[in-house]
Amino acid sequence: VSLILVDSPEKRMRLHREGVLRLFLLKYRKQLRTQIEHFPGLNQIQLLSASIPGMNLEEQLVRLLARRALFANEQLPATNEQFQNLCNQARNRMSVVIQELIELIGPAIEKYHQVLMRVDQAKQPYLKPITDDIRSQLAHLVHARMFADTPWKWLCHYPRYLNGILYRLDKATTGNHQKDIIQLPQFLPLWDNARRRLESRTGIDDPEFILYRWMVEELRVSLFAQSLGTSLTVSPKRVEKQWKKVRQ
């Protein structure tokens, strides 16, 4: 046990949450792994996820199952009694959470596999600005820790985000690439703000930044795959306004 001095309430909450999760994993890992080992279509999902560098799918699903079962109500224990109560609630929720994961994980990984194939096929030189942006998007959307780290609220939108990429590529490869390229100079600076911070890992606990990061993802859908709809109202101006709220 050690004490850590942190510089923000958000970081303190994250470390508290990680500590609770670690204790729960130590105590119930066997039960969690049993649930994941019986995950429908696990072998196929593992095969498709092999294209994600460093991905340990089973471990990611164990952590996601634990995180979702523990923190569904965002409550954090302050005493041992509260921790035990939270563990009991989490164990009772596991069957519900597994069903949520079944509905999300397989379809998301399959959609990602489709996206990779489509991006690789889009070799026309005039598509390079679009595919470069998509590759940058995917690098921060789909990665080795995406299931363990991405807030559940936003993870649920992954199928739509990935569908948005397919829709964007469909338009770009059927003669409608010019509008996409015209919009990129307006969009890319907003994405660069998020990308640089994600890569430096600085200030990523700031709730205003978290909202900004996912507003940018929603803006992609709004600009390049508008017919899919967004989960919140976004525009370049709204995203710029949100960036001003981010702790610099």
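Could you say which residue among GLY106, GLY54 is of a type in the set (Gly, Ala, Ser) and either in a helix (DSSP H, G or I) or over 20 Å from the mean Cα position of the chain (by Cα) (or both)?
Going through GLY106, GLY54 in turn, just one is of a type in the set (Gly, Ala, Ser) and either in a helix (DSSP H, G or I) or over 20 Å from the mean Cα position of the chain (by Cα) (or both): GLY106.
Return the residues of segment 23-49 that are out of contact with any Cys (no Cβ under 9 Å at 6 or more places or on another chain) and among the charged types (D, E, K, R); say none if nothing qualifies.
Within segment 23-49, ARG29, LYS30, ARG33, GLU37 qualify.
Report, ordered by the first and then the second residue, all pairs with beta carbons closer than 6 Å, sequence separation of six or more or different chains, a first member in segment 234-248 that is within 13 Å of ALA194 (Cβ to Cβ), and a second member that is aromatic (Phe, Trp, Tyr) and surrounded by 12 or more Cβ atoms within 10 Å (Cβ to Cβ).
GLN242/TYR212; TRP243/TYR212; VAL246/PHE209; VAL246/TYR212
Mind listing whichever residues of segment 191-213 are part of a helix (DSSP H, G or I), in contact (Cβ under 8 Å) with a residue 40 or more places away in the chain, surrounded by fewer than 20 Cβ atoms within 10 Å (Cβ to Cβ) and of a type outside the set (D, E, K, R)?
Passing the criteria: ASN193, LEU198, PRO207, ILE210.
I'd like to check something: does segment 45-61 contain any residue that is in contact with a Phe, Trp or Tyr (Cβ under 7 Å, 6 or more places away or on another chain) and either closer than 19 Å to LEU25 by Cβ or at pLDDT 95 or above (or both)?
yes
So LEU32 passes all but one of these: (1) surrounded by 13 or more Cβ atoms within 10 Å (Cβ to Cβ); (2) under 20 Å from the mean Cα position of the chain (by Cα). Which condition number does it fail?
(2)
Among the residues of segment 190-222, what is the count of those that are among the basic types (Lys, Arg) and in contact with a helix residue (DSSP H, G or I) (Cβ under 7 Å, 6 or more places away or on another chain)?
4
Which one of these is of a type outside the set (A, V, I, L, M), closer than 30 Å to GLN137 by Cα, in contact with a Phe, Trp or Tyr (Cβ under 7 Å, 6 or more places away or on another chain) and not in a loop (DSSP other than H, G, I, E, B): ARG68, ARG12?
ARG68
The values are calculated or read from the model by the stated rules, or taken from the named source; none is laboratory data. It should be emphasised that the depicted structure is a prediction, and the values quoted were computed from it without experimental measurement. Every residue, glycine as well, gets a Cβ built from its backbone with ideal geometry; the counts of neighbours run over all protein chains shown.
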